[in-house]
Amino acid sequence: MSRTTLLQIGPLMPALEASLREQHEVLSAQSPSAATPLADMTDAVRVTAVVTSAPVGVPAAWLPQLPALKVVSSFGVGLDQLPLDAARAMGLPVGYTPDVLNDCVADLAMGLLIDGARRIAAADRFVRRGDWLNGRYPLTTRVSGKRLGIVGLGRIGQAVARRAAGFDMDIAYNNRQPAEGVAWRHEPSLLALAEWADFLVLTVAGGESTRHLVNARVLRALGPQGLLVNVARGSVVDEAALIACLHSGELGGAALDVFDDEPRVPEALLAMEQVVLAPHMASGTRDTRQAMADLVLANLSAGLSGEPLPARAA
């Protein structure tokens, strides 16, 4: 593949950035905004590819300003910041990195679930503070044999369900439509799923269609013994309602890898012992991130060569 001009939007993992610089002339844009034109970028007319990440994306308004553009390659599975409709209208392929991160995200979801139920992180703090010298740790909640509700039974949701089956959990899920080829029970009502479940795990896609899908009614239905686990997007949960329900005791606990305004986490959540917090690290293993980087490069190479992308979102 000949050396071409590439626009990188936002930071990427250092090894991937190094690979891009080895193969391409790389231009950088750190703060994408639809209100920020690219007209001042002298070399914009030479840009043949855009590489970005799921949290950063690319404004749809930038695409027409890149007349030589052949492909967009995104690091991650989130699609809510990618201009898929605009890209389809232009016949522009958009690549992303599904499948290679399913296992690690599902692993962390189960880890958060177990921590949230058994209060492992809180127990660690209890020991470190010396509180064990003054009495035993409070009783926690059993994991095995409980009822698990999964919101969004896609690739990651199914990986979570397979792991939960190893804990002898009763599993049901909420999708717009029943998933094909699975034995788990489809529950068309999210509210009913929350009322039934002991644990509710969110693996649904982000975006406006799922914004605040988990609201106060859903959280109250999950109840004072229930646990919410979110490895999806912070926007899926009404964060103010979550804080209110946790504070009032209407929801038992939460284990969260994602937040509405990352990396800023509300002070109220930081102060709650019944909440487990992680820094959006579900896919954050060396193995998975390398596999994601490899797929970014494969999508990029295919798009520049006019070949089908290995993983195409649009």
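The set of residues in segment 50-82 being without any contact (Cβ under 8 Å) to a residue 40 or more places away in the chain, among the polar types (S, T, N, Q) and not in a helix (DSSP H, G or I) consists of Gln81 alone. Restricting attention to segment 182-193, the residues that are assigned to a helix (DSSP H, G or I) and surrounded by fewer than 21 Cβ atoms within 10 Å (Cβ to Cβ) total 3. Within segment 71-90, identify whether any single residue is in contact with a Leu (Cβ under 8 Å, 6 or more places away or on another chain) and charged (D, E, K, R), and answer yes or no. No, because not a single residue in segment 71-90 is in contact with a Leu (Cβ under 8 Å, 6 or more places away or on another chain) and charged (D, E, K, R). Checking each residue in segment 83-97 for being closer than 17 Å to Gly207 by Cα and assigned to a loop (DSSP other than H, G, I, E, B) picks out Pro83, Tyr96. Return the residue satisfying two criteria in turn: it lies in segment 54-75 and is at pLDDT 95 or above and under 28 Å from Met281 (Cβ atoms), and of such residues it is surrounded by the most Cβ atoms within 10 Å (Cβ to Cβ). Per the stated criteria, the residue is Val72. Across segment 247-297, the qualifying residues are those that are of a type in the set (Asp, Glu) and exposed (fewer than 15 other Cβ atoms within 10 Å of the Cβ), and the one among them that is farthest from Phe75 (Cα to Cα) is Glu273. Among residues of segment 285-314 that are touching a residue at least 24 places away in the same chain (Cβ under 8 Å), those with a beta-carbon under 6 Å from a residue that is charged (D, E, K, R) at least six positions away or on a different chain give the pairs Gly303/Lys70; Leu304/Lys70; Ala314/Arg88.
Counting only residues that are of a type in the set (Asp, Glu), closer than 22 Å to Ser235 by Cβ and assigned by TED's automatic domain parsing to the domain that holds Lys70, segment 263-304 holds 0 of them. As a summary of the residue check, Ala314 satisfies the conditions (1) part of a loop (DSSP other than H, G, I, E, B); (2) modelled with pLDDT of 95 or more; (3) of a type in the set (A, V, I, L, M, F, W, C); (4) not assigned by TED's automatic domain parsing to the domain that holds Gly157 except for the one numbered (2). Please report, ordered by residue number, the helices (runs of 4 or more DSSP H) entirely within segment 200-270 with at least 3 residues that are among the small types (Gly, Ala, Ser) and over 25 Å from Asp107 (Cβ atoms). Passing ranges, in order: 239-248. Put simply, of Ala159, Ala244 the only residue that is modelled with pLDDT of 95 or more, in contact with a helix residue (DSSP H, G or I) (Cβ under 8 Å, 6 or more places away or on another chain), surrounded by 20 or more Cβ atoms within 10 Å (Cβ to Cβ) and not assigned by TED's automatic domain parsing to the domain that holds Val56 is Ala159.
If I filter segment 219-237 for residues that are touching a Leu at 6+ places or on another chain (Cβ under 9 Å) and either basic (Lys, Arg) or at pLDDT below 95 (or both), do I get at least one hit? Looking for residues that are touching a Leu at 6+ places or on another chain (Cβ under 9 Å) and either basic (Lys, Arg) or at pLDDT below 95 (or both), one finds at least one in segment 219-237, hence yes. Could you tell me whether Ala179 is within 20 Å of Val214 (Cα to Cα), touching a residue at least 24 places away in the same chain (Cβ under 8 Å) and not in a helix (DSSP H, G or I)? Considered against the rule, which asks whether it is within 20 Å of Val214 (Cα to Cα), touching a residue at least 24 places away in the same chain (Cβ under 8 Å) and not in a helix (DSSP H, G or I), Ala179 comes out as no. Among the residues of segment 8-28, just one is surrounded by 21 or more Cβ atoms within 10 Å (Cβ to Cβ) and over 24 Å from Ser283 (Cα atoms), namely His24. Are any of the residues in segment 194-201 among the small types (Gly, Ala, Ser), surrounded by 15 or more Cβ atoms within 10 Å (Cβ to Cβ) and either touching a Leu at 6+ places or on another chain (Cβ under 8 Å) or modelled with pLDDT under 95 (or both)? Within segment 194-201, one or more residues are among the small types (Gly, Ala, Ser), surrounded by 15 or more Cβ atoms within 10 Å (Cβ to Cβ) and either touching a Leu at 6+ places or on another chain (Cβ under 8 Å) or modelled with pLDDT under 95 (or both).
The values are calculated or read from the model by the stated rules, or taken from the named source; none is laboratory data. Just so it is clear, the structure is predicted and the values come from calculations on it, not from any experiment. Heads up, the Cβs are rebuilt from the backbone with ideal geometry, glycines too, and the neighbour counts pull from every protein chain shown.
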